[in-house]
Structures are given as C-alpha cells and as structure tokens.
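The block underneath contains the structure these notes are about, expressed in structure tokens.
The values are calculated or read from the model by the stated rules, or taken from the named source; none is laboratory data. Remember, it's a predicted structure, so these values are computed and weren't measured experimentally. Note that each Cβ is placed from the backbone with ideal geometry, even for glycine, and that neighbours are counted across all protein chains shown. Accessible surface areas use protein heavy atoms only, side chains included; no ligands, DNA or RNA. Shrake-Rupley method; radii C 1.70, N 1.55, O 1.52, S 1.80 Å.
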Amino acid sequence: MYFVIIMAFALVLSEKLPPEGFSLISFATANTVAATLGIVLLQIPVIALMAGIGATRTHYRLDGTDRGHDAAADELSFFQHMCMVTVAGFLVTSMIFTPWARVVRETWDLDRFPLLPELVLLAPMMAGITIGWAMSYRAEKLLRLDAMREPDAQEPEKIRDVPPKRDNDAISALRSAKKRPVAEGTGLFAFLFDKMRHQVLILAVPMCIIVTAKHFLYAYAEGPADGFIPLPKDPTTRMLIISCMLGTVSFVVLALAPVMLRYIWATEPLPDGPLRKRFERICDRIGLRYREILLWHTHGMAVNAAVMGFVAPIRFILVSDALLESMEEEEIEAVFGHEAGHVRHWHLPFFGIFAIVSMYAAGGAMILSSIIYTKFFQTNGEQIDQAIVQLIALVTLLGMWLFGFSWLSRRFERQADLYGVRCITPDIRQCQARLCPVHGAKQREGLCIGATNLFGRTLSRIAELNNIPKDAFSWRHGSIQSRCNLLDRFKDNVDALRRFDTSILYIKLALLSLTILGTVVAVWIYYQPVMRGLGMWNPTVTAGAP
Ligand SMILES: [Zn+2]
Ligand SMILES: [Zn+2]
C-alpha cells in the first residue's frame, strides 16, 4: 500500500507526463474528457467487484475451525493484493497512457491552484481504494474476531493456543488510557477512517505539503528575477536553485513527519504504570533515547509497534492497543526489542541515505538517456522529449524502491529481529535448553535458544492476529516464515550469524560510498554551469580544469 501511495505522488509530481505518443486517447478532440474519465473511473466498479468477491469468499471460508481461519486469511490477503495491483495498474495507465493529467491541468485549468490538480488526479484512485476497504470491512472484522476465539481442541500445538493472560500490566495500562475506543463497536466509518490515516494520510500529508511547496517555488521561479530572493537570469541555474530549495523543504518535511504522525494517528502517551516502567528500563539498559512512548489506538484492529524519527527529540515509540490487549507481556517486550533494534542499528537514517542514492540514480538515468539519445537516435537536431526523460527517471526511481528498498528493508527487519532476540535475553526467566549458548554450561557466542523461540512465537502470533498468512510475502518485511527460519538457522550457527552481521555492515558502507560518489559526480556536473549562471565563473583561475 505504501508503495502505491509513493508511486502515486511520484507520478503526479512529474508534471510533464504523459509522454507524447504514449496516449491511447488523443488530446484535444471533442470526446477526450469523456473517454479519459471513462477509463479513469472504471477502476471504481472493478475494485468494488474484486473486493466484494474476496470478502464473500473470506466469509464463506470461516467455519469456526483453525483450518478455516487460515484459509480465510489466505483468501483475504490474496484479494487485497489483487486490489492493490489493480489500483497500481490503473494509476500507471491513467497517468501515462491517457491524457488524464492534461485534462486536469489544461482542460479544466486547475494548475492555477496549489495542490488541487494533484488531489483531483488521485481522487479516482482514492475512491477505488476506499470502496475496496468498505467492501472488505465485514470480512476483515469477522476474521479479527475469529482470531480471538477459543482455540480448537483438535490442534493443541497451534500457536494461537496460548490464550492471552487477563489482567496483566499491559491490560491495566490500556484501562488507564484516556481514549477508550471499543473494538467491538467499530463501525464502518471508524474502520475506513483508521485505514485512511494508517495507510494513506501518514504518507499523503507530508507529500501534499511538498506538492504545495513545489507549486509556489515553481511559480516563484517563473516570476521576476528580483523577487524576495533574487534568482539568476540563466534558466538552468534558476531551476537548479529552485530544485535545491524544494529538496530542502522535502527533507525538513520528511524529518518532521514523526511529529505529524503523532496527530495523524490516534495516539496518547502510554499511561504511567508497570508496563511503561518496564519499557523505560529496557530503553535505559540499551541506551535508547526518545521523545515519548505512545499508545496507538487502532480500534483493536492492528497488532503492531513502530519507531519513528531520526533523532531522539522527535523520536516516538508506538505500541498499538491490540498489541497490549492480545499479547503476553514477554511477547510485547520482544516486539519492543525489535523496534529498538531499528533505532540502535541506524535503520531510519540509512533509509534516508538510500533515498538520496535513488535520486542520484534517477538523475544519472536522465543524463544518460539524453546522452544516448543525442549520440545514437538524434536525426535532425531535435531534442529528446522531456516527458520521456522524466519517465525514464521515474521508472529508475520506482524500480530502485520496488526492488532495492524492499531488499534493504528485509535485511534491516532481520537485523532488528536479531536485536530483539538479544534484547530480551536478559529477561528470559527460564531457558530450559541446556545447549543454550548463553545460558548453557558451555558459555559461547550465539543466540539464547529460549529468547529465539519466544521471538519466533511472537512473530507467528502477530501474523495470526493481523490476519497475515505466515508465508505471505510483504514488500518491506518478507514473510514471517522466512524470518522465523532465519532465526532458527542462527540459533546454532555462529558463523552464519557473524556473516549476516558483516553483510549488513558492507551494505551500509556501500550506501555511504554511493552517496559520496553521487555527490562528487553531481558537483562535477553542475559546478561550472551554476557558477557561470551566478556570474562567478572565472575561467582564468581554473584554466585546464574539465
Ligand atoms: Zn521492523
Ligand atoms: Zn538461553
């Protein structure tokens, strides 16, 4: 879902789309608007139909048994994926193969307004997504309630069979919370609003601020040269300065996103009590600093935890209501340890570095495509279509995120898992395994067997409670099964464990080197034109330089 939202904003930010000649409908004929709207709006009934079938089939599979529950979770997850692929397909089709962008920007002349054209461009997609959620509301709720029911007698080995303990510290923390939404009473509207803010607004709000900033900055660039901040006359330098300003705004907005998140999601500080004390003790022990530990209200729909924020003053640790409600305390600690791992291993800053590398790659692809075009395809001096260049950059960028980011994120998730295991090891009350590397007779390097088992159980339960099949692949996390398998392998294979730690170190070093390389290349390409544009270029000083 997050990927689709990122892609949506990347597409609407590329103002030169669609490329000439790609469109299935020619612009500026009488029927352009009607035909385009026909294609763009078609997604709403299509998604509704798909989600409807998925919901009916999910409902039908639920028969009160564990096997029925798993089949239903598979069914729902399959249809949700299909809906996402369809939404993404319609998005790309409408932005690249139809004149939808030109209809909104030129025919309806909405480009005069900040943010409005982008919102209109994405409105059909949002309508499709919302209809899809609405159609699966009942199925999702039933599945969630089914996960909480008493377990089958026939399958005693099932993970779900550890019934949640009542009246523990977590439950009492929930009780003393100020906001008290009731899970059972979640109506359709609250469900949709939760989905919207958890899956869309968290990205869309910062992106909308960036889109608005872009509107005003570009308007400023086209204005007179002696405005509030004087800009050079040379158009290339001018655009470069504006792009840098937009980059700075984007960076600030994204860095402040955790503060927005606190208000976009329904949160409150985790009430004082034994649970909060325990979290604080863990943070002290591992040296994790933060602004606040937040209790995150999801109407009991999401068993989840998260850490947001690059630096301690704006770093928030979130634990969801359903997590506290349905998990054992030591399991909650395991989840907390995993989140702490993301912070302690600097995962968020490295995602930022990855973002910079992907920008450089996209920029490199643009320059390369222009060079290749001029060298091999240029026939009579015409310039390459800027929309094509933009499309190439976009494909590079999205490809990097779809494959590169997803791969990096999966590596980092596993490192956070390992950290989680190590984090809960001192609190493991009894580790029966005599062979345990940490607690056994022969003290050696490795993972505590008790802690690893507890962590694996926690992952499985989270998957179960969130209606995620264990083998379902996720863009950012991989599958729960593969994470459990990896931990199992590390339990008694110190070499593999060490190799894994080293490989992550190399990945981080590679990212840093690529950033430095990209910066050097960018400076090398742009230094001379910018200096000349600013009237500061003095060829006598650097005679002989490239
Ligand atoms: Zn994680
Ligand atoms: Zn142990």
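Looking at the range 308-335 only, could you name the residues that are of a type in the set (Gly, Ala, Ser) and not in a helix (DSSP H, G or I)?
Once the filter is applied, which keeps residues that are of a type in the set (Gly, Ala, Ser) and not in a helix (DSSP H, G or I), the range 308-335 yields 309, 320.
Select from the range 406-429 the residues that are charged (D, E, K, R) and within 16 Å of ligand 2 (Cβ to nearest atom) and write down the one among them that is least open to solvent (accessible area, probe 1.4 Å).
The qualifying residue least open to solvent (accessible area, probe 1.4 Å) is 427.
Any chance you could count how many residues in the range 453-463 are within 16 Å of ligand 2 (Cβ to nearest atom) and open to solvent by 20 Å² or more (accessible area, probe 1.4 Å)?
Within the range 453-463, residues that are within 16 Å of ligand 2 (Cβ to nearest atom) and open to solvent by 20 Å² or more (accessible area, probe 1.4 Å) number 2.
Considering the range 78-98 alone, what residues qualify as being open to solvent by less than 20 Å² (accessible area, probe 1.4 Å) and closer than 17 Å to residue 139 by Cα?
Hit for the range 78-98 is 83, nothing else.
For the range 407-440, enumerate the residues that are among the hydroxyl-bearing types (Ser, Thr, Tyr) and either at pLDDT below 90 or over 27 Å from the mean Cα position of the chain (by Cα) (or both).
Correct list: 425 only.
Which ones in the range 156-201 are closer than 14 Å to residue 144 by Cβ, in a loop (DSSP other than H, G, I, E, B) and modelled with pLDDT of 65 or more?
Answer for the range 156-201, where residues must be closer than 14 Å to residue 144 by Cβ, in a loop (DSSP other than H, G, I, E, B) and modelled with pLDDT of 65 or more: just 186.
What are the pairs, 6+ residues apart or on separate chains, where a residue within the range 266-293 that is within 20 Å of residue 330 (Cα to Cα) and open to solvent by 20 Å² or more (accessible area, probe 1.4 Å) has its Cβ under 6 Å from a residue that is modelled with pLDDT of 90 or more and outside any helix (DSSP H, G or I)?
Sorted first by the residue in the range 266-293, then by its partner, the pairs are 276/270.
Considering only residues that are more than 7 Å from ligand 2 (Cβ to nearest atom) and over 15 Å from residue 338 (Cβ atoms), look in the range 441-452 and name the one that is modelled with the highest pLDDT.
446
In the range 324-348, what residues are buried (at least 20 other Cβ atoms within 10 Å of the Cβ) and under 20 Å from the mean Cα position of the chain (by Cα)?
Of everything in the range 324-348, those that are buried (at least 20 other Cβ atoms within 10 Å of the Cβ) and under 20 Å from the mean Cα position of the chain (by Cα) turn out to be 335, 336, 338, 339, 340, 341, 342, 343, 347.
Matching residues to (1) open to solvent by 20 Å² or more (accessible area, probe 1.4 Å); (2) farther than 30 Å from residue 306 by Cβ:
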position: 438; (1), (2): yes, no
position: 444; (1), (2): yes, yes
position: 465; (1), (2): no, no
position: 469; (1), (2): no, no
position: 475; (1), (2): yes, no
position: 491; (1), (2): yes, no
position: 517; (1), (2): yes, yes
position: 526; (1), (2): yes, yes
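List pairs: first in the range 419-441 and without any contact (Cβ under 8 Å) to a residue 12 or more places away in the chain, second near ligand 2 (Cβ under 7 Å from one of its atoms) and of a type in the set (Val, Ile, Thr), Cβ under 9 Å, 6+ apart or cross-chain?
Listed pairs, sorted by first residue: 439/425; 439/428; 439/449; 440/449.
Does residue 317 satisfy being out of contact with any strand residue (DSSP E or B) (no Cβ under 9 Å at 6 or more places or on another chain) and more than 16 Å from residue 171 (Cα to Cα)?
Taking the combined requirement at face value, the residue does not satisfy it.
If residue 391 meets every condition in (1) at pLDDT 85 or above; (2) touching a Phe, Trp or Tyr at 6+ places or on another chain (Cβ under 9 Å); (3) surrounded by 19 or more Cβ atoms within 10 Å (Cβ to Cβ) apart from one, which number is that one?
The failed condition is (1).
Take the range 299-323 and flag every residue that is hydroxyl-bearing (Ser, Thr, Tyr) and surrounded by fewer than 22 Cβ atoms within 10 Å (Cβ to Cβ).
none
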